[in-house]
Amino acid sequence: MLGLGACNLEVDMNRLIELLFHQQFMQLQHLQDESSPNFVYEVVTLYFRESEKLLRNLRALLWDRESTDYKKMGIHLNQMMGSSSSIGAKRVRNICAAFRSASEHGNWIGCIQSLEVLEHEYYYLKNKLHEFLQIEQQRVIAVGRTIHLSRQ
Amino acid sequence: MAFGAGSSNYMKMKGMLKEDNVYEGNVLQLKGILKIRDRSFKKNLRVLIVDDDKVTRKVMMAMLRDLKVEGKEAVNGKEAVDFFAAGEVFTLVLMDMEMPFMNGPETTRFLRGMGVRAKLVGMSAHLTEKEQKEFLDAGGDEFYMKPVTRTKLVALLQAIDEEL
């Protein structure tokens with residue numbers, strides 16, 4: 001079984017997950033079963049890949065103030081809002097909404113500032129998700145050992 | 001906890017379920033893991049997920065599989081139109097509003113023009129009244145904010161199941 005230290009860490013992690021995520025994230029965990037044992041990992045990894053592509057595109061669009069394509073920016077932001085909503089990343093989603101508002105007004109400074117906030121929040125989320133997935137993996141391994149021992 | 005007759009529920013404790021199905025754990029672990037097994041749908045429902053976002057499509061398709069409902073995905077409105085044009089039949093289409101090539105309202109208008117009678121439900125992470133009106137005026141039936149949760153999806157499918 002997990003030690004007391006690891007249990008406390010898990011409780012803290014659950015609290016953090018509640019803070020960062022809409023209940024939708026819990027629903028992703030429900031969808032993980034014997035037929036899709038790595039579902040959460042797969043979805044989260046896909047989210048990381050797609051989000052980082054979008055963040056790179058957004059930064060590239062803001063490179064030249066004179067030729068910023070705000071329409072394309074809106075498309076990228078909409079996609080990031082959608083994927084963030086789908087995994088329950090509510091804070092990232094909300095920042096995207098504010099960013100989108102700046103882009104709709106052609107507010108270049110506002111967009112630059114929003115991008116910085118978005119990148120910060122996204123990478124914070126990514127770090128926490130990595131930790132969460134590691135704890136989950138450790139728990140699965142520990143349980144496997146526990147079941148094995150109890151059956152001996 | 002007790003639920004109404006005809007339903008069943010179980011608690012799934014990740015890796016902590018004892019052989020006699022007795023759970024030991026704290027409230028935080030309990031939260032979010034209660035699963036209610038929904039009643040099965042009477043009709044063979046077939047759902048099309050139309051969204052350019054891979055994450056949304058993956059999650060929605062997994063929810064449909066979990067509910068044992070057949071699902072298919074289209075990456076944009078044009079692909080959705082192509083499926084219908086090829087003779088495929090769906091009972092429900094869940095469609096994102098902003099997509100490349102053909103957005104939600106455009107796709108809806110086109111499908112209705114083709115005589116498609118499936119329920120067309122719009123989804124968006126960024127809802128404006130203007131978007132919603134445009135979609136409904138184009139022939140859409142309902143509009144949901146993302147995320148479309150399992151609860152919303154079940155309610156939608158049950159309503160369609162009863163209508164058929």
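Averaged over the residues of A:41-54, the number of partner chain Cβ atoms lying within 10 Å of the residue Cβ comes to 2.
Pairs exceeding a 18 Å alpha-carbon distance, out of A:Lys72/B:Lys133; A:Lys53/B:Lys54; B:Lys58/B:Lys146; B:Lys42/B:Lys68; A:Lys53/A:Lys126: A:Lys72/B:Lys133. Inter-chain Cβ neighbour count for B:48-58, averaged per residue, equals 6 (cutoff 10 Å, partner chain atoms only). Ordering A:Leu118, A:Ile141, A:Asn78 by Cα displacement along the dipole of the stretch A:61-152 toward the positive end leaves A:Ile141 in first place; charges were set at the Cβ atoms of Lys, Arg (+1) and Asp, Glu (-1).
Mind checking the full-extension length gain between A:Tyr41 and A:Arg65? Use 0.36 nm per residue of separation minus the Cα-Cα distance, one decimal, nm.
Fully extending the segment from A:Tyr41 to A:Arg65 adds 4.9 nm.
Beta carbons within 10 angstrom, averaged per residue: use that to sort the peptides A:106-116, B:88-98, B:73-83, highest first. Present the calculation step by step, with values, prior to reporting the outcome.
Working: A:106-116: 15.7, B:88-98: 22.2, B:73-83: 19.9.
Going from most to least packed, we get B:88-98, B:73-83, A:106-116.
If you model the stretch A:18-147 as an ellipsoid using its alpha carbon gyration tensor, with each semi-axis the square root of five times an eigenvalue, the axes come out at 34, 12, 12 Å, biggest first. I want to verify the translational diffusion coefficient of the stretch B:52-162 in µm²/s; compute it with Stokes-Einstein, Rh as the Kirkwood radius over Cα pairs, at 10 °C and 1.306 mPa s. In µm²/s, the coefficient is 113. For the stretch B:109-164, the Cβ-based charge dipole about the Cα centre amounts to some 200 debye (Lys, Arg positive; Asp, Glu negative; other atoms uncharged). From the alpha carbon centroid of the stretch B:110-160 to that of the stretch A:101-127 is 29 Å.
The spacing between the stretch B:51-90 and the stretch A:48-94, judged by their C-alpha centroids, is 23 Å. Across the stretch B:110-162, the fraction of Cα-Cα pairs farther apart than 17 Å, rounded to a whole number, is 41%.
For the stretch B:45-84, what mean projected area does the convex hull of the alpha carbons give, in nm²?
Working: hull surface 10.1 nm².
Result: a mean projected hull area of 2.5 nm².
Amide H to amide H, with H built 1.01 Å from N, B:Glu73 comes under 5 Å of B:Ile49, counting only residues 5 or more places away or on other chains. Each peptide in A:92-105, A:73-86 receives the mean, over its residues, of other Cβ atoms within 10 Å, and ordering these scores from highest gives A:73-86, A:92-105.
For B:Phe143, nonlocal amide neighbours, meaning residues 5 or more places apart or on other chains whose placed amide H falls under 5 Å from its own, are B:Gly122. Once the Cα-Cα distance is subtracted from the 0.36 nm per residue extended length, the A:His105 to A:Lys72 segment shows a gain of 10.5 nm.
Throughout, read-outs are computed from the coordinates displayed, never taken from laboratory work. Please read all numbers here as calculations on a predicted model, not as lab measurements. Positions of Cβ are backbone-derived with ideal geometry, glycine not excepted, and every protein chain shown enters the neighbour counts.
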